[in-house]
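J.: Sharing a structure below in structure tokens format, with a few things to ask.
What follows is calculated from the coordinates using simple rules that are stated; it is not laboratory data. The structure presented is a predicted model; accordingly, all values stated were derived computationally and were not measured. Cβ placement follows ideal geometry from the backbone for every residue including glycine, while neighbour counts extend to all protein chains displayed.
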Amino acid sequence: MPAAKTRLTCPKRSPEASGFFLNFGFKPQKTNPMSVLITGSIAYDAVFSFAGAFGEQITRPVEPGFNTTFLTRAMRRDFGGCAGNIAVAMKRMGGEPLIWGAVGRDGGDYLEHFGREGIRTDGIGVFSNAYTAQCLIITDHTGAQIAAFHPGAAERTPEVRWPTDADGKEAQPAIPILSPGGRETTLFAAQACRAREIPYFFDVGQELPLFSAEELLDLAHHAVGIIYSDSEAEAFEQKTQQSDADLAESGLIVVRTLGSRGARVWLPGERHAAFVPTVPIQKVRSPVGAGDAFRGGFLYALERGFSPVEAAQWGAVAAGRKVAGAGAQDYELTPQAAQLDFDQWFGKQSRK
């Protein structure tokens, strides 16, 4: 009889380790808002729209020699990447994102784009012997996506110096988020945050298969929160045997986005989630980048002292604005528009 499989667990943290978020201890900085450090990919997206459904064309298991082509009638090339998308959404909400990442020799126009958005670029390295990360995305009419991603210069982020403040001292961000940008980059960024005793959010992303179960749990154990999509949450649990409720019980904030069905938020120590609905949209143009926009709105609100559930509502506002736009960053969002949407769908609440 084979030996029983060892069940990995995420160790429970002390009250002191969880207290930063249990008390929602962010202090609103009215005159000098604290920045949110964002690690991950800065990429160019090539997005193709397939009019059918993937399941109608892929009707049998994918086996060796499998070959198919999706005829797409529409294509666009956009600024994208998880870090770039999160930063743009957060900035348009009124936040202060600080990106720690890298672009390649073809990244000059992306840096100019950040400049037009008012986003700092001094934490972004430029490598002339690499390409900026590239993502090829095919979407179908159901909102499903198939993507191919080349990390390119994003994998060089460990060579980029930790960002500094205006006075040249190391930046002390309110919250870092480790968004997908390559396995080694994520592990390096996590270690850099730990060394500076800065709590971070772990954004699992589609790179989950690159990590072992032990690495995933270690990243989660040293985080104050984890955020993932519905499919990523299922894969995380399958690989680690840790459910949303298990992670929350260990002391994490857990945010599980459900696409068009909203999101669920578990507070530290809780086994039952709060549900956050989506913001109704008259016409959905593209889901690409909606999850990143949600994260931008969520981090914007969390840094300003809103509870995780309230922050997820602000995330829903940003995501709603995004799906009404054609590209990952091609949508209209202002602090005033976000406030109006929030008031309409979640009740009046002043900004903190």
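J.: What order do you get for SER250, SER128, SER41, SER286 when you list them from fewest to most C-beta neighbours inside 10 Å?
T.: Going from sparsest to densest Cβ surroundings: SER128, SER250, SER286, SER41.
J.: Between the DSSP loop rule and a limit of at most 14 other Cβ atoms within 10 Å, which trypsin sites (Lys or Arg not before Pro) in segment 71-134 are left?
T.: Answer by residue number: ARG105.
J.: Are there GluC sites (Glu not before Pro) in segment 131-208 that DSSP puts in a loop and that have at most 12 other Cβ atoms within 10 Å, and which ones?
T.: GLU197
J.: How big is the convex hull of the Cα atoms of segment 207-330, per residue, in Å³?
T.: Here the figure is 100 Å³ per residue.
J.: Order of VAL224, VAL284, VAL88 from fewest to most other C-beta atoms within 10 Å?
T.: Least crowded to most crowded, the residues run VAL284, VAL224, VAL88.
J.: Return the long-range amide H neighbours of ILE38 (sequence gap of 5 or more, or a different chain), with a cut-off of under 5 Å between placed amide H atoms.
T.: Residues meeting the criterion, in which the H sits 1.01 Å from N, are LEU98, ILE99, TRP100, ILE177.
J.: Read phi for every residue in segment 202-211 and hand back ³J(HN,Hα) as whole Hz from Karplus 6.51 cos²θ - 1.76 cosθ + 1.60, θ = phi - 60°, with x for Gly and Pro.
T.: 9, 9, 5, x, 7, 8, 3, x, 6, 9
J.: Follow-up. What percent antiparallel are the DSSP beta bridges of segment 167-270, to the nearest 5?
T.: Counting DSSP beta bridges with both partners in segment 167-270, the antiparallel share is about 30 percent.
J.: Per the helix-only calculation at 222 nm, which mean residue ellipticity applies to the chain, given -39500 (n - 2.57) for every DSSP H run of n ≥ 4 and division by its residues, nearest 500 deg cm²/dmol?
T.: So the helix-based figure for the chain works out to -9500 deg cm²/dmol.
J.: Please list, in order along segment 39-44, the HN-Hα scalar couplings obtained from phi with the Karplus expression 6.51 cos²θ - 1.76 cosθ + 1.60 (θ = phi - 60°), rounded to whole Hz, x for Gly and Pro.
T.: Calculated HN-Hα couplings, in order: 9, x, 7, 10, 9, 9 Hz.
J.: Ordered by residue, what ³J(HN,Hα) values in Hz, to whole numbers, does segment 90-105 give under the Karplus form 6.51 cos²θ - 1.76 cosθ + 1.60, where θ = phi - 60° and Gly and Pro are x?
T.: 5, 5, 5, 6, x, x, 10, x, 10, 8, 10, x, 8, 10, x, 5
J.: Need the C-alpha centroid separation for segment 218-273 versus segment 184-205, integer Å.
T.: Taking the Cα centre of segment 184-205 as reference, the centre of segment 218-273 is 17 Å away.
J.: So which of LYS169/LYS239; LYS91/LYS348; LYS169/LYS322 end up more than 31 Å apart, counting from Cα to Cα?
T.: LYS169/LYS239; LYS169/LYS322, as the Cα separations exceed 31 Å there.
J.: While we're looking at this one, here's another question. Within a 10 angstrom radius of the beta carbon, how do MET75, MET93 rank from fewest other beta carbons to most?
T.: In order of increasing Cβ crowding within 10 Å: MET75, MET93.
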